[in-house]
Each structure stands twice: as structure tokens, then as C-alpha cells.
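Pasting a structure below so you can have a look.
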Amino acid sequence: MLNVTVIIPALNEAGNIGKLVQEVRAIAPLEVIVVDNNSTDSTAEEARAAGAKVVTAPQRGYGYACAAGVSAAQNADVLVFMDGDYSFSPADLPLLLSPIFNDQADMVLGSRELGLMESGAMPPHQRFGNWLVSRLMNKLYRLSITDLGPFRAIRRQLLNELDMQEMTYGWPTEMIVKAARGGIRTVEVPVSYKSRRFGSSKVSGTVRGTILAGWFILGVTFRYAWKN
Ligand SMILES: Nc1nc2c(ncn2[C@@H]2O[C@H](COP(=O)(O)OP(=O)(O)O)[C@@H](O)[C@H]2O)c(=O)[nH]1
Ligand SMILES: [Mg+2]
């Protein structure tokens, strides 16, 4: 049996994180690691009360948080990354994990385009950007993906071999393109997506986050396309 750890980067996700962790643990008694970056609200307390292990990332940034979660997930064979804003559904976890458990894939990306997306859950600029970059990646890396889903699962050993360098907005993109280059078997499954429950967006809902994410996503997509 493969050991699964769910890693949830969370910055000021009080009101969301407790319910999310509880629901994940109701699906299966998995280890849940919430990676906090000194949230100014009760994110850490809520996560702990719901049964998560809480670790603090040394530096701000989505990638730093994911990397700190990976280091803390000592017993995992498979890692799941999930947003902490309750926009993804823990009920989709079995579907996300099944291609790995059935040995049909090494990495599984949750596609919001293939699944049920609540109207307004993804701002139009993000939807267009994801569409554009997915197609670009399909051409450059011979993939066939429809989204850059942050809700994803990957075998831990293979992730370690990717030697991740992008510690902010580029982390999810780096994982996809390096996996493609490394011949890691990647599939998509449909996942549902809804608007965050409480609090505010740090990435696609802000001008700064959108510009930085766009810059890093495109930069990383091109950087590894022709690299030896
Ligand atoms: N620990 C940590 N989590 C972060 C950071 N930036 C974003 N997150 C989390 O990453 C997830 C996605 O961010 P979110 O604000 O929802 O971005 P959006 O989905 O593009 O609006 C959420 O769980 C955030 O709390 C960060 O710097 N540190
Ligand atoms: Mg979000």
C-alpha cells in the first residue's frame, strides 16, 4: 500500500483550512501537512485542531511552501498538493490518486477544464492564460493537458529527482515541464473547482500576483523547452 501525504500551502486561510483538513481526513486517514508562512490569522491553529501537522516555511512564496511540505512528508510515497482556500474538493482525491495506485501514471493533474467549474470561480484572464500555456506546453513538450492544475499528485521519489528550483510562482509549471522532459507518465483527471470560501486570493485575484505568475509561468515554460 502506498503512503499518501496531502500538502496544503496556506497563507491566511482561516475559515477555509479547518473545514478542508477535516474533509480530507474524512475521505481517508491521510497525513495532512499544512504549510503556513506566518499567517496573521488563525490558519495554523485551525489546521492543527482539524488534525493537520503544521509546518512553517522559512520564506514567503507558494513554491517555498510546497518544498517545505515535501521535506516534512518523510513517510510519503505519494504527495498530493492542494490549495488551502477550499476551492478544490476532497471528494476528488480518490479519482486523483487512482491512476498512481493502478500504476498507470506517476503524476496526475487535476483539470478544472475537464471537471465542473463554478461560474466565476476562475477569473477570465487566468482561464485564458491557463488555456494558452497548456497549449504551448503541449506543443513544446508533447503533452496533452488542458489546465495547469495545482491540485495534483506525484510519486515522491520522482519529484525529488526533478530537483525543483522555482520557489515562488513557477513551481507548478516547473514540475510539469521537467516531468515531461524526464519521461514521467502524466495524466489528467477532471476535478471540480469553486470560488474560495473565505478570505482573499494572493495570486490570480491580484494585479501583482497575476503579473508575476504570468511572467514566471511563461519564463519556465520556455526555459526548459530547448535546454539540454
Ligand atoms: N504558505 C503559503 N501559501 C501560499 C502562499 N501564496 C499562496 N499560498 C496558498 O496557495 C493557495 C493558492 O493561492 P490563492 O490565493 O488561492 O491563489 P488563486 O487560487 O490564484 O486565487 C492558497 O492555499 C494560498 O493560501 C505563500 O506565500 N505561502
Ligand atoms: Mg485559490
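Under 8 Å for C-alpha pairs, at least 6 residues apart: give me the relative contact order for region 97-214, rounded to a whole percent.
That works out to 41 percent.
Ok, one more. Relative to the Cα centre, what is the charge dipole magnitude of the chain, using +1 at the beta carbon of each Lys and Arg, -1 at the beta carbon of each Asp and Glu, and rounding to the nearest 20 debye?
That gives a dipole near 600 debye.
Tell me which of MET167, PHE128, VAL70 sits at the most positive position along the dipole axis of the chain, charges placed on C-beta atoms (Lys, Arg +1; Asp, Glu -1).
The listed residue farthest towards the positive side: PHE128.
Ranked from highest to lowest mean number of other Cβ atoms within 10 Å per residue, what is the order of the peptides 53-65, 8-20?
8-20, 53-65
Next question, about the same structure. Kindly rank 201-213, 162-174 from highest to lowest mean number of other beta carbons found within 10 Å of each residue.
Put in order of decreasing packing, that is 162-174, 201-213.
Right, next: I need to check one value: relative contact order of region 1-145, counting alpha carbon pairs closer than 8 Å and at least 6 residues apart, in percent.
Values: 204 pairs, mean separation 36.5, N = 145.
For region 1-145, the relative contact order is 25 percent.
Something else now. Please report the Cα spread of the chain along all three principal axes, rounded to whole Å, starting with the longest.
Principal axes ranked by extent give 46, 43, 34 Å for the Cα atoms.
Which ³J(HN,Hα) values in Hz, rounded to whole numbers, follow from the phi angles of region 74-91 under the Karplus curve 6.51 cos²θ - 1.76 cosθ + 1.60, where θ = phi - 60° and Gly and Pro get x?
Rounded to whole hertz, the list is 5, 9, 7, 9, 10, 10, 10, 10, 9, 5, x, 9, 6, 8, 9, 10, x, 5.
Given the pairs LYS19/LYS139; LYS53/LYS227; LYS53/LYS202; LYS178/LYS202; LYS19/LYS178, which span a C-alpha to C-alpha distance of over 31 angstrom in this model?
LYS19/LYS139; LYS53/LYS227; LYS19/LYS178
What is the packing order of peptides 111-117, 134-140, taking the mean over residues of other C-beta atoms within 10 Å and listing the highest first?
111-117, 134-140
Grab the DSSP H runs of the chain that are 4 residues or longer, score each as -39,500 (n - 2.57), total them, divide by all residues and round the 222 nm result to the nearest 500 deg cm²/dmol.
Per the formula, -12000 deg cm²/dmol.
Each value in this text was obtained by applying a stated rule to the coordinates, not by laboratory testing. Fair warning: this is a prediction, and the values are worked out from it, not measured in the lab. Cβ: placed from backbone, ideal geometry, glycine included. Neighbour counts: every protein chain shown.
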